[in-house]
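Read the structure below first, then the notes.
The values are calculated or read from the model by the stated rules, or taken from the named source; none is laboratory data. Computed from a predicted model, the values in this text were never measured in an experiment. Cβ coordinates were reconstructed from backbone atoms using ideal geometry, including for glycine residues, and neighbour counts include every protein chain displayed.
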Amino acid sequence: MRISDMNWLQVQSYLEHDDRAVLPLGSTEQHGYLRLTVDCILPERVAVEAAEPLGIPVFPVLAYGVTPYFREFPGSISLRLETHLRVVRDILDGMAHSGFRRILICNGHGGNGAAAQLAQEWAADHPGCRVLFHNWWNAPRTWAKVQEIDPVASHGSWMENFPWTRLPGIEVPKHQRPMVDMAQVRALDPVALREYLGDGNFGGFYERSDEELLALWDVAVEETRALLAGTWGEPS
């Protein structure tokens, strides 16, 4: 359930019997022909669907992440690394102060990776609290499903083209784009990167069947739910 659908009295009542919650992390950035908010939509939605049967609240997604390399694509907004980490820390502080002790960070953007180290540091400074950092898209079972469907998959390609991330009336190319050279991508400045990438897809078909995408989604939801229902690092 979304915590935006609860009032403070309901949260207080929930905390009397459970201390789990989910914090989705996202980014507002180019995804080729898809919505700029792909990395916000997907972690929040997978978290909500995973948490719903367990009755665990999901906080609103942090909609801005660390994505300086895409700054030349209009609409792509990047936080400075230190800003992002301070915001994540402040949110974790607030959640712990409310009484949440087991927090799953459901991350939707690779550029937010430094928050994983922050989460470890924060948990070490907060005895009794546990934080799991979960990249939903490349968690073991989900990534294995991606590889089973089509190993040529990447940023802005079919693996992010769900019914809820595409835009109505937008036609996407039908060919399979060759994978970009990631070493070159990492070496280019934002202006050169935009010229190199063109439409923003890093490689792969732009779309595959909804049947395949929904099968992938089911695995991602189940894998995320298993983390929420698991031992949180305690010996089983």
Matching entry among LEU23, LEU42, LEU36 (being in contact with a Phe, Trp or Tyr (Cβ under 9 Å, 6 or more places away or on another chain) and in a helix (DSSP H, G or I)): LEU42
Matching residues, the range 90-138, being surrounded by fewer than 17 Cβ atoms within 10 Å (Cβ to Cβ) and within 12 Å of the chain's Cα centre (by Cα): GLY110, GLY113, ASN138
Qualifying positions in the range 181-236 - aromatic (Phe, Trp, Tyr) and within 22 Å of LEU34 (Cα to Cα): TYR196, PHE202, PHE205, TYR206, TRP217
Out of ARG186, ARG177, sole residue that is surrounded by 12 or more Cβ atoms within 10 Å (Cβ to Cβ) and on the phi < 0 side of the Ramachandran plot: ARG177
Those helices (runs of 4 or more DSSP H) lying entirely in the range 140-230 with at least 1 residues modelled with pLDDT of 95 or more and among the aromatic types (Phe, Trp, Tyr): 140-149, 190-197, 210-229
Residue in the range 50-58 that is closer than 23 Å to GLU29 by Cα and in contact (Cβ under 8 Å) with a residue 12 or more places away in the chain present: yes
Given (1) within 10 Å of the chain's Cα centre (by Cα); (2) surrounded by fewer than 24 Cβ atoms within 10 Å (Cβ to Cβ), index of the condition TYR69 fails: (1)
Top-ranked residue of the range 72-89 - restricted to ones that are free of Cβ contacts under 8 Å to residues at least 60 places away in the same chain and under 18 Å from LEU132 (Cβ atoms), ranked as surrounded by the most Cβ atoms within 10 Å (Cβ to Cβ): LEU85
